[in-house]
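Structure first, commentary second.
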Amino acid sequence: MKQKEYATVLNWNYVIFSVVFIAVMTFLVLYAPNIREFDGNVLHSIRLALSPYPSYIPVFISEFGGINQHLLWPQIAACSVLVSHRKFLKAFLLVVFVEGTYFLAGLLKNYVCRTRPEGCSYSGFSFPSIHASVIMCFLGILIYLVNRYVSNSFWRNFLIILFGVWILLVCISRLWLGVHFPVDVIAGAVFGFMMVNLYIILIRALGN
């Protein structure tokens, strides 16, 4: 019981850290104009380092799984597995939190109204990256579920590493394509991380 309580406190600490971090990043983007120049220089360096590689790589990584379509098929696949194991509440909350991440990150994006990097042809605003938020939320929750329920150590470690690497690749792909500044991607990932911890807290509170 004490170990469970400690874990919950740790999750709440992660949530608090995430909220503070996102608030600071939002403040800097809104009221510290010099951050755009710094952000732009970092983005330029990243894209220059990755420029020798084919451009279809980040496009494939960024769009794999249909993030723009709310990860429809990955969500269906994950929920099907959970439902087959009678984890109905976890499946339902997975959808709620992923869709909630889309909605809340979108609200923040439309509040901040940060323009995308120069030369980007994508529509919409830049901060935070919804791709980074959603992939972190979805795969972060799957990492939690895999770590808890997959008993085979090989498959548990394999899936955790696979999901973790894919989160990182999606975040890098957004910079590679030049559609977000680094601060946008980092803030988006932290936003998704916050949602993962809220999911875990709620699951524990409901006794699952």
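We did not get these values from a lab; they are worked out from the coordinates using the rules stated. This structure is a prediction, so every number in the text was calculated from the model and none was measured. Every residue, glycine among them, receives a Cβ derived from its backbone with ideal geometry; neighbour counts consider all protein chains shown.
Residues being of a type in the set (Phe, Trp, Tyr), under 12 Å from the mean Cα position of the chain (by Cα) and either surrounded by fewer than 17 Cβ atoms within 10 Å (Cβ to Cβ) or on the phi > 0 side of the Ramachandran plot (or both): count how many of those fall in the stretch 133-165.
Residues that pass the stated criteria total 0.
On the stretch given as the stretch 104-113, residues that are under 27 Å from ALA77 (Cα atoms) and in contact with a helix residue (DSSP H, G or I) (Cβ under 7 Å, 6 or more places away or on another chain) total 2.
Within the bounds of the stretch 117-127, is there any residue that is in contact (Cβ under 8 Å) with a residue 60 or more places away in the chain, within 16 Å of the chain's Cα centre (by Cα) and not in a helix (DSSP H, G or I)? For the stretch 117-127, residues in contact (Cβ under 8 Å) with a residue 60 or more places away in the chain, within 16 Å of the chain's Cα centre (by Cα) and not in a helix (DSSP H, G or I): present.
May I ask you to list the residues in the stretch 3-26 that are of a type in the set (Phe, Trp, Tyr) and surrounded by 12 or more Cβ atoms within 10 Å (Cβ to Cβ)? Of everything in the stretch 3-26, those that are of a type in the set (Phe, Trp, Tyr) and surrounded by 12 or more Cβ atoms within 10 Å (Cβ to Cβ) turn out to be TRP12, TYR14, PHE17, PHE21. Pairs linking a residue in the stretch 32-44 that is farther than 10 Å from PRO182 by Cβ to a residue that is not in a helix (DSSP H, G or I), with Cβ atoms under 8 Å and 6 or more positions apart or on different chains, are ARG36/PHE181.
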